[in-house]
Amino acid sequence: MASYKERLKARWDELEWLYMELYGEREMLTALKEIMAEAYAARSQALRRLDSRREREPDWFLSGKMLGMTMYTDLFAGDLAGLEGKLRYLSEQGVTYLHLMPLLKMPHPDNDGGYAVEDFGQVDPALGTNEDLARLTAAMRRRGMSLCLDFVLNHTADTHPWALRAKAGQQEYVDRYICFDTPDIPRQMEQTIPDVFPQTAPGSFIWVEEMKKYVCSSFHPYQWDLNYRNPAVFNDMAAAMLRLADLGVEILRIDATPYLWKQMGTTCRNLPQVHTIMRMIRLITETVCPGVLLKGEVVMAPRELAAYFGTREKPECHLLYNSSTMCTQWSALASGDVRQLKHQLDDLHSLPEHCHFVNYLRCHDDIGWGLNEEFGRSIGQDPFLHKKYLYEFYEGSFPGSWARGERYNYDPATGDARTCGTTASLCGIEKGLAENDPAQVDMGIRRDLMMHAAVMCMAGFPMLSSGDEIGQLNGYGYHDDPTRREDSRNLHRTAFDWESAALRKKRGTVQRRLWDGLRQLEKIRAQEPCFGPDAWVSTWDAHNDHVLALVRREGTGTLACLFNFSAAPETAYLDGMEGAYADLITGAEASCASCQLQPYQYMLLRSR
Ligand code: GLC
């Protein structure tokens, strides 16, 4: 393995070039070099050993054994120490990658789920201490589990020491934010910046009375966007990021990546300077902590998304969220039509080989209906009406809907809205249980498992949302909490139900069917060579618009994965897949030439 010096030498020219191009300040570049050296010096022997292992096996995260889960520490286990005591449960589920929602010091109660950070160097006292975090990561490493934490690069809380000093009039800190004395420039910029939260926090600038200035705040008024034109911001944030890595965080989720650079007359998203910043971050982490992965939170159309992988020679993120596929999959489930989903996957499969995705159905955020509108039109969809249909369907108001969910950030100006809810509730389990109707519950479970099976078979690695493994339902209690009721994402941000989890061991329960169904899929993924890092993955024509077909190949083995998105029995016909196959789910013999699938059935057919 290369030494720190060698790694630095190999990357310095490029880092210097990019830094000087963006900032042109050599002294600040020298300061950055010192920050990097200090972070390396502080890196523990255990983490340096991990770095060497990862350098030898750079594809470790592409193994079929990878299973992600995302959760809030407090909702799952109270605090970090409590979580350490629950790791056994996660191992039982086969989790190898845990994304803990933001846990650094935050204001209470308004903190946007922890995305308003008050101190990038300290765990929130309500959740524990830095020592608890380091102990947790060490305990996780012993179990083969990697910790993913957010790095909220774009903004700080308005109670962060920098913001407090800015409010007190210290120019050095005012310069760390994007501030204007008069409303003209902010108003002009807002003409071209789309709102992130049109309903709950409209606009991109707020008036701050203490400062007598307009301050850029793309998200909530208490989250102030950092000024990345200022190299001091970049350097200090790089230092904070490296400190997290030194606490044992193995994957950094770069929050709100596309928003980092602001420029008048643009949408202030995906600007070229964002890529310069991401590339610099990659060079810095590769030098100091090469075991660390960067996962970009880029909720953008595939066209803009792919740029965040960079090129093979000059990569940016190792991983990106597959948000387009996620929403397209939910669209396919509502309509029973997989054409758009197949098209979406074909788009992703055409990306270069260094592009890897985290596949998921639900996370802590809403489902934004960012479908490929052009393709939608080509199959006769009116994009506006289809979106309306989807958010009405998933809030349960569309006639015939099985789903229970809620609308998120409805924008009366555009008629746009997003959707909240847990997987189980959106799949119909909640409605079936409420109506005491076993047949509906059964259908809900089938949908839920089929949706997860598709996620598990796509290229990339799957990430569950904590509670999905036991079919956790929506929680409506937030409606009565004045500090939470404005944000319907709280519908699926509820305390983990340990009593319900205990039912995973009881025959005949919803929990058991979901748990066993997921475990079966996870074991197949872990054991089958067709889920290996080098597997070839493609969609296949099933000659049936209700059935998604994916084919995976590794060596001489072929795995055909079929998913019936419809409530009716369907037949799929796969060309060019002669020979005998066995269904890994049921153990039955099967032929790919003509496959009968029951409503929402999935099959994983392996060549014999
Ligand atoms: C990301 C998070 C979201 C948060 C936003 C602002 O999009 O996923 O929950 O509101 O960043 O930090």
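Distance between the modelled labels on Gln527 and Glu499, one decimal in nanometres: 3.6 nm (7 Å Cα→Cβ projection).
I'd like to check one number: the per residue accessible area of the stretch 534-607, probe 1.4 Å, reported in Å² as a whole number. Spell out each step's value before the answer.
Working: 2990 Å² over 74 residues.
Result: 40 Å² of accessible area for each residue.
Among 418-425, 92-99, the peptide with the highest mean count of other Cβ atoms within 10 Å heads the list, and the full ranking is 418-425, 92-99.
Here the accessible area is traced with a 1.4 Å probe on the protein chains. For the stretch 161-225, carbon and sulfur cover 53 percent of it.
Rounded, prolate or oblate: which fits the stretch 534-607 when a ≥ b ≥ c are the square roots of the eigenvalues of the alpha-carbon gyration tensor, with rounded for a/c under 1.5 and prolate only if a/b beats b/c? The partial results should precede the final answer.
Working: a/c = 1.75, a/b = 1.45, b/c = 1.21.
Because a/c hits 1.5 or more and a/b exceeds b/c, the stretch 534-607 counts as prolate.
Surface analysis of the stretch 161-225 yields an accessible area of 47 Å² per residue, using protein heavy atoms and a 1.4 Å probe.
The order of the peptides 179-191, 208-220 by mean Cβ neighbours within 10 Å, most packed first, is 208-220, 179-191. Treating only the Cα positions of the stretch 161-225 as identical point scatterers, give the base-10 log of I(q)/I(0) from the Debye formula at each q in 0.16, 0.22, 0.27 Å⁻¹. Calculated log10 I(q)/I(0) at the listed q: -0.49, -0.87, -1.18. Sites listed here are GluC sites (Glu not before Pro) in the stretch 544-608 whose DSSP assignment is loop and whose Cβ has at most 15 other Cβ atoms within 10 Å: Glu578.
For the stretch 534-607, with only Lys/Arg (+1) and Asp/Glu (-1) charged at the beta-carbon, what is the dipole magnitude about the Cα centre, in debye rounded to 20? Write down the numbers at each step before the final one.
On the way: 3 positive and 9 negative charges, 30 e Å.
Value, rounded to 20: 140 debye.
Can you tell me the relative contact order of the stretch 534-607? Whole percent, Cα pairs under 8 Å, sequence separation 6 or more. Working shown, then result.
Details: 178 pairs, mean separation 22.8, N = 74.
Reported relative contact order: 31 percent.
Between the alpha-carbon centres of the stretch 384-459 and the stretch 563-593 there is a gap of 26 Å.
Ranking Gln381, Ala593, Leu149 by how far each Cα lies toward the positive end of the dipole of the chain (charges on Cβ) leaves Ala593 at the top. Listed by chain and number, the lysines whose C-alpha is less than 18 Å from the C-alpha of Lys33, apart from same-chain residues fewer than 8 away, are Lys5, Lys9.
About its Cα centre, the stretch 322-527 has a charge dipole of approximately 760 debye under the convention of +1 per Lys or Arg Cβ and -1 per Asp or Glu Cβ, with nothing else charged. As a length-normalised measure over Cα pairs under 8 Å and 6 or more apart, the relative contact order of the chain settles at 12 percent. Only one residue of Ala163, Thr182, Trp224 has its Cα farthest out toward the positive end of the dipole of the stretch 161-225, where Lys and Arg carry +1 and Asp and Glu -1 on Cβ, and that residue is Ala163. Straight-line cross-link partners of Lys212 among the lysines, defined as a Cα under 19 Å from its Cα and at least 8 positions apart when in the same chain: Lys167.
Where does helix 339-349 land angle-wise versus the long Cα axis of the chain, in degrees 0 to 90, nearest 10? Tilt relative to the chain: about 50 degrees.
Please give me the summed charge of the neighbours of Gln340: other residues whose Cβ is under 12 Å from its Cβ, Lys and Arg +1, Asp and Glu -1. Walk me through the numbers on the way to the answer.
Working: positive: Arg339, Lys342, Arg377; negative: Asp337, Asp346, Asp347, Glu373, Glu374, Asp545.
For residues surrounding Gln340, the net value is -3.
Starting from the Cα gyration tensor of the stretch 519-569, take the square roots of the eigenvalues, sort them a ≥ b ≥ c, and report rounded, prolate or oblate (rounded when a/c is under 1.5, otherwise prolate if a/b is larger than b/c, else oblate). Oblate, because a/c is 1.5 or more while a/b does not exceed b/c. Shape call for the stretch 1-129 from the C-alpha gyration tensor, a ≥ b ≥ c root eigenvalues: rounded (a/c under 1.5), prolate (a/b greater than b/c) or oblate? Oblate, since a/c reaches 1.5 and b/c is not below a/b.
Quick check for me: using +1 on Lys/Arg Cβ and -1 on Asp/Glu Cβ, what's the dipole size of the chain about its Cα centre, in debye to the nearest 20?
On the way: 66 positive and 83 negative charges, 322 e Å.
It comes to approximately 1540 debye.
Beta bridges per DSSP, both residues in the chain: antiparallel share near 60 percent.
Given an 8 Å cut-off on Cα distances and at least 6 residues of separation, report the relative contact order of the stretch 322-527 as a percent. Provide the component values of the computation, followed by the final result.
Values: 310 pairs, mean separation 39.5, N = 206.
Averaging sequence separation for qualifying contacts and normalising by length gives 19 percent for the stretch 322-527.
Over all Cα atoms in the chain, the spread is summed up by Rg and Dmax: 24.0, 75 Å.
Straight Cα distances below 14 angstrom link Lys431 to the aspartates and glutamates Glu395, Glu406, Asp442, Asp448, with same-chain residues fewer than 8 positions distant left out.
The values are calculated or read from the model by the stated rules, or taken from the named source; none is laboratory data. Since the model is a prediction, treat every value here as computed from it, not as a measurement. A quick note on method: Cβ atoms are made from the backbone with ideal geometry, for glycine too, and the neighbour counts reach across all protein chains shown. Protein only, heavy atoms only, side chains kept; ligands, DNA and RNA dropped before computing areas. Shrake-Rupley method; radii C 1.70, N 1.55, O 1.52, S 1.80 Å.
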